[in-house]
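What follows is calculated from the coordinates using simple rules that are stated; it is not laboratory data. Treat the numbers as computed from the prediction; the structure is a model and nothing was measured. Please note: Cβ atoms are built from the backbone with ideal geometry, for glycine as well, and neighbour counts cover all protein chains shown.
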């Protein structure tokens with residue numbers, strides 16, 4: 001390795017330039033930026049994250065908050081329909097107000113973004129962490145450990161996420177922080193697929209020469225995992241985590257829609273959809289706005305996750321290049 005580096009530096013010295021190979025991050029960015037759909041999706045995701053992080057500032061500029069009731073802004077004679085056009089939109093309430101309560105809709109949307117994105121991110125971290133530990137332990141363990149952990153993982157994968165989540169969320173005391181609970185339940189039930197992917201990759205990596213040499217030199221399993229396996233597992237795990245994130249956003253929205261997720265007065269997009277299903281005619285923006293934001297978020301994260309997968313997988317990039325070259329040759 002040092003001889004090759006010295007040779008490249010010597011060649012560069014003769015021409016007045018130093019030829020340095022592109023780093024992994026630079027190669028990743030080079031492959032990602034040629035995918036316009038992924039770049040647009042990344043911009044949308046960054047905008048949503050910025051919206052969630054600056055929610056207190058944005059609501060302060062508007063002069064509202066997500067929990068204050070405004071009964072004077074709803075028509076009690078008509079069942080709580082917002083007063084005014086377009087759901088009560090005005091200079092004080094940019095997107096109108098919530099039916100029956102009169103709470104500011106813009107404030108609840110931006111604070112709901114914090115809850116939905118935060119719960120999905122925490123659940124993804126839990127899934128990846130538990131899946132990494134279980135998958136590496138199964139891949140590096142002996143035959144009995146591998147069999148025991150693999151069968152346990154199969155059981156976890158077979159569990160219906162929604163049914164188990166509803167059951168676990170129903171027995172936990174109401175005083176426990178609900179966003180933390182929802183993220184923990186989704187993560188602790190959904191790690192099985194990650195563990196299967198990590199185990200398969202670990203079994204493949206274990207056969208490589210440098211890992212076999214580390215085992216023969218007396219290294220322990222966790223040292224081998226930390227020094228030899230984790231760097232090689234980074235790309236597939238990051239790719240799968242990027243695809244898990246939109247799935248977990250949908251799971252949080254579904255649990256909140258079913259009444260087992262985040263509880264009022266904490267806003268959540270799924271919770272808002274639960275309340276909006278009877279107002280789609282009288283106040284359609286109360287249904288369309290959270291549903292539209294949820295759809296755009298899941299779509300952007302899915303497209304971005306697919307772009308990350310393509311950028312981290314050199315074989316996909318080479319297949320794309322080969323396919324493009326063959327099409328050009330066919331046209332010629």
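Using the Cβ-Cβ distance between residue 72 and residue 282 with R0 set to 22 Å, the FRET efficiency works out to roughly 0.75. Counting only alpha carbon atoms, the long axis of helix 230-257 and the longest principal axis of the chain meet at about 20°.
If you take the Cα centroid of the range 135-192 and the Cα centroid of the range 43-72, the two points sit 34 Å apart.
In terms of its alpha-carbon gyration tensor, the range 34-315 comes out prolate; a/c meets the 1.5 threshold, and the first ratio a/b outweighs b/c.
Rounded to the nearest 500, the helix-only mean residue ellipticity at 222 nm of the chain stands at -23000 deg cm²/dmol, with each DSSP H run of n ≥ 4 adding -39,500 (n - 2.57). Cα centroid distance between the range 243-264 and the range 208-240, in Å? Going from one Cα centre to the other spans 35 Å. Helix 285-312 and the longest principal axis of the Cα set of the chain meet at an angle near 0°. Against the longest principal axis of the chain, how steep is helix 105-140, in degrees 0 to 90 to the nearest 10, with axes from Cα atoms? It works out to around 30 degrees.
Label-to-label distance for residue 167 and residue 222 is 3.2 nm, based on points extended 7 Å past Cα in the beta-carbon direction. Label-to-label distance, residue 154 versus residue 65, with points set 7 angstrom from Cα along the beta-carbon direction: 5.4 nm.
Annotation: peptides 36-44, 215-223, ranked by per-residue average of other Cβ atoms within 10 Å with the highest first, follow the order 36-44, 215-223. Computed extension gain for residue 33 through residue 188, at 0.36 nm per residue and net of the alpha carbon distance, reaches 52.4 nm.
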